[in-house]
Amino acid sequence: VGEKIISKIPLANSIFSTTKQISKIVFAEGGKKPKVVLVEYPRKGTYCIGFATQPIDSQKLDKIPIFVPTSPNPSSGFLVFFEKNDIKELQISPDDAFKLIISGGLSLNELESLSSFKF
């Protein structure tokens, strides 16, 4: 019922459908789940939450592709390649990371694992 209502709203429909597609990939049961990471982007001293689209410990890759979603619409973003030692894996679920991104940081107080992270 909710999806039918949203599908009738022009802008909300496009945002919802794209976010739904991405969330199906990120939250898929089994298979490869992307790791939530923190990367220094777009400049030194500025940090973004991203999703490692390949294993961070991959022996095949010199640089790891990281999808950095934009806020509040995580269906758009940037694919940036980082050196392995520039990637810091976070101990939060993709679900919590999406909540943080969509809320624009308002849900940060709920995430104890980020509060202890040293920048």
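In sequence order, the range 3-20 has phi-based couplings of 5, 5, 5, 5, 5, 8, 9, x, 6, 4, 4, 5, 5, 5, 5, 5, 4, 4 Hz under the Karplus curve 6.51 cos²θ - 1.76 cosθ + 1.60, θ = phi - 60°, and Gly or Pro positions carry x. If R₀ is 30 angstrom, what is the calculated FRET efficiency for the pair D95 and K4, using the beta carbon separation as r and rounding to 0.05? About 0.75, to the nearest 0.05.
Throughout, read-outs are computed from the coordinates displayed, never taken from laboratory work. Since the structure is predicted, the reported quantities are computational estimates derived from the model, not experimental observations. Positions of Cβ are generated from backbone atoms using ideal geometry, with glycine treated the same way; all protein chains shown enter the neighbour counts.
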